[in-house]
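Report on the following structure.
The values are calculated or read from the model by the stated rules, or taken from the named source; none is laboratory data. Quick caveat: nothing in here was measured; it's all calculated off a predicted structure. As a convention, Cβ positions derive from the backbone with ideal geometry for all residues, glycine included, and neighbour counts pool all protein chains shown.
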Amino acid sequence: MKINTYTLVTALLVPAAVLVALELALQNPLPGKKANAAFEKSGEFGPTTPQVSTYDGTSLLHQQLPKQDVENARWTDDGNYLVMTGRNSEGHSPWRYIVTVFSAADREVRVIDDSEGRPSCISSDIRCEGPNTVVLIARSLSQNVPGSNDQIIVKYVLSKTWPRLKKLARQSPL
């Protein structure tokens, strides 16, 4: 039986590409253990306004994230933090991602930024471990070249990191 190489490669790659695309797509709404998150975008590329409500309908957050087009979001395993990654909606620094964290207990959004020596996040991928540890892909800046291949894995235990994160100025949605 003769198999066309093109057909075989297509049959193997197309399903894999669909799985990758599905994995990176923003789940909207995004249910958590304690609350539900939904995301509204202003136009095709943001900025994004997350809305977080408890399951009894109490609103915890309805705030526009200035200049952030959220591409991915995950609740930590304990349901206390909503981690969001996205690109700058104005097109600045297209190689890096903005990482924002919402605390259900504090009802506020803070930013994991690289201004305090933290490595720059270069992927929208978010993994969670344990009750409130988030795992992100960053770059070490050892080569100081945007988009270079010096990727590293960074972990933040949010219950410990939260007090040191930069508060995001509160803006109401448009």
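Details
- Residues satisfying the stated conditions in region 88-119, i.e. among the small types (Gly, Ala, Ser), crowded, with 19+ Cβ neighbours inside 10 Å and at pLDDT below 95: 89
- Filter pass, residue 140 being farther than 24 Å from residue 36 by Cα, at pLDDT below 95 and of a type in the set (Gly, Ala, Ser): yes
- Residue in region 57-77 that is touching a residue at least 24 places away in the same chain (Cβ under 8 Å), touching a Cys at 6+ places or on another chain (Cβ under 8 Å) and more than 26 Å from residue 34 (Cα to Cα) present: no
- Residue that is surrounded by the fewest Cβ atoms within 10 Å (Cβ to Cβ) [pool: residues in region 63-79 that are in a strand (DSSP E or B) and in contact with a Ser or Thr (Cβ under 7 Å, 6 or more places away or on another chain)]: 72
- Some residue of region 59-78 being over 13 Å from the mean Cα position of the chain (by Cα), modelled with pLDDT of 80 or more, among the polar types (S, T, N, Q) and farther than 20 Å from residue 104 by Cα: no
- Tally, over region 80-108, of residues that are in a loop (DSSP other than H, G, I, E, B) and either in contact with a helix residue (DSSP H, G or I) (Cβ under 8 Å, 6 or more places away or on another chain) or among the charged types (D, E, K, R) (or both): 5
- Put simply, of 103, 123, 53 the only residue that is within 18 Å of residue 154 (Cβ to Cβ) and small (Gly, Ala, Ser) is 123.
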